[in-house]
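Please read the structure below before turning to the comments.
The values are calculated or read from the model by the stated rules, or taken from the named source; none is laboratory data. This structure is a prediction, so every number in the text was calculated from the model and none was measured. Heads up, the Cβs are rebuilt from the backbone with ideal geometry, glycines too, and the neighbour counts pull from every protein chain shown. The area values use the complete protein model at the heavy-atom level, side chains included, leaving out ligands, DNA and RNA. Shrake-Rupley method; radii C 1.70, N 1.55, O 1.52, S 1.80 Å.
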Amino acid sequence: MTPIVLASTFAQDGPGVLKGPYDYSRAGNPTRTALEQCLAALEGAKHGVAFGSGCAATTALLLTLKSGDHVLVGDDVYGGTFRIFDKVMKQFGLDATFMDLSDPAKVREAIRPNTRMLWLETPSNPMLKIFDIAALAEVAKKANVTLAVDNTFATPMLQRPLDLGATVAVHSTTKYLNGHSDVVGGAALTSDDELGEKLHFIQKSVGGVQSPFDSYMVLRGLKTLGVRMRQHVKSAEVLVDHLTRHGLVTRVFYPGLESHPGHAVAARQMKGFGGMISLDLRVGDKGTAPSAAFLRALRVFTCAESLGGVESLAELPAIMTHASLTPEARRSLGIGDGLVRLSVGLEDVEDLKEDLERGFRAMEAAL
Ligand SMILES: *Cc1c(COP(=O)(O)O)cnc(C)c1O
């Protein structure tokens, strides 16, 4: 098993004469290197760079750009990613435009002379929108723009952005890759030598690195990624089938449904449709009271933010993960009072079904 090398510094044979590849653990650490190589292999990348969180990985990637550069960003990205663009990088002159990336022709038109990066998430959060990575990679390539894909929701087991033409895959390893809700981590994976070098430079200069212990934990989680993802997908499909038939559900968002607008693209670029489900509950004009009652009644699903762990989680984006968005922004994305997001875990699927029924009974009483 990979040793956890806790050393912050490494003895040298003489001044400047290193015994091996390491001198100081911010610049490089053997446990972190093992993780970086494993993540790179999973994404089919030459270079892997691991960080202390997904947000640190995102920030490092943006720090490869400079003041005056412009980034085109999907309008349905993770809230923390939006905040990095809107509240942090903006202060340093990095310009960002948020738009629906569904139509590659519109994306091509939106590229400006100073656009350096196209940033997307697919499936997106929480609406599980699908964007065509190969089509957008073509647009990016023609415009000499870096295509960054946040692959957190799919994982390389279900989707490999680099194979589809993306320049770099970004991850919050906090989610499925570690998979046990006990690490916060992130990574960027690329085969572009210049970008890989820049990322390593930012990593050691800015220093948001993954600790040796957490690197070990993510490596340990990765050993079961394949079996976990297979079961997440299998159970999600059973629950989607159950939910689409339910009278208290107005709509189910899942790329595996033929009625999903991104289904054909998802079927082409993904090996499975994932373990995340969003659903609209029939709350009428009662606000979030019925959906909150639904969530409070659940006993197998835990009411919590985050996703991708062995435990099933349920949350209400309007007042939890997406509370920081303006009501107008939520409305335009389709995040209403009845929208519930589920991260389907590895419990017995019959227990999960029964738990949802418990939620529906509580919701009915609140209507
Ligand atoms: C959680 C998440 C992030 C941020 O990662 P942290 O590890 O929480 O910093 C980025 N993108 C997506 C899609 C996420 O779900």
Sort out for me the Cα centre separation of the range 182-216 from the range 99-143, rounded to whole Å.
24
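Given R₀ = 25 Å, what would the calculated FRET efficiency be for D193 paired with T2, taking r from the Cβ atoms and rounding to 0.05?
Details: r = 26 Å, r/R0 = 1.04.
Calculated value: 0.45.
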Hey, if we sort K204, K353 by accessible area with the 1.4 Å probe, largest down, what's the order?
K204, K353
Any idea what angle helix 193-206 forms with the longest principal axis of the chain, computed on alpha-carbon atoms, 0 to 90 degrees, nearest 10?
90
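Can you compute the helix-only [θ] at 222 nm over the chain? Use -39500 (n - 2.57) per DSSP H run of at least 4 residues, normalise by all residues, nearest 500 deg cm²/dmol. Don't skip to the end; give the middle numbers.
Details: 13 runs with 135 residues, N = 367.
That calculation yields -11000 deg cm²/dmol at 222 nm.
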So if we plug the beta-carbon distance of R108 and T9 into 1/(1 + (r/R0)^6) with R0 = 45 Å, what FRET efficiency do we get, rounded to 0.05?
0.35
To one decimal place, what orientation-averaged projected area in nm² is obtained for the convex hull of the Cα set of the chain?
18.6
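Order S181, S53, S324, S215, most accessible first, counting only protein heavy atoms with a 1.4 angstrom probe.
S324, S181, S53, S215
Tell me whether the range 261-350 comes out rounded, prolate or oblate; compute the Cα gyration tensor, take square roots of the eigenvalues as a ≥ b ≥ c, and use a/c under 1.5 as the rounded threshold. Numbers along the way, then the final one.
On the way: a/c = 1.92, a/b = 1.17, b/c = 1.65.
In terms of gyration-tensor shape, oblate.
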Spacing of the two label points (7 Å from each Cα toward its C-beta) at V310 and K46, in nm
3.8
Using a 1.4 Å probe on heavy atoms of the protein chains only, the accessible area for I111 in Å², nearest 10, reads 40
Keeping all protein chains in the complex and leaving out DNA, RNA and ligands, what accessible area do you get for E237 with a 1.4 Å probe, in Å² to the nearest 10?
90
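Can you give the Rg/Rh ratio of the range 12-222, where Rg is from the C-alpha atoms and Rh is the Kirkwood radius?
Here Rg/Rh amounts to 0.98.
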Pick out, from A323, I335, S53, the residue whose Cα sits farthest towards the positive end of the charge dipole of the chain, with +1 on the Cβ of Lys and Arg and -1 on the Cβ of Asp and Glu.
S53
With a ≥ b ≥ c taken as the square roots of the eigenvalues of the C-alpha gyration tensor of the range 59-181, please select rounded if a/c is under 1.5 and otherwise prolate if a/b is larger than b/c or oblate if it is not?
oblate
Rounded if a/c is under 1.5, else prolate if a/b beats b/c, else oblate: with a ≥ b ≥ c from the C-alpha gyration tensor eigenvalues square-rooted, which is the range 121-278?
oblate
Indicate, rounded to the nearest 5 percent, the antiparallel portion of the DSSP beta bridges found entirely in the chain.
60
Determine the order of R108, R160 by accessible area, beginning with the largest, at a probe radius of 1.4 Å.
R108, R160
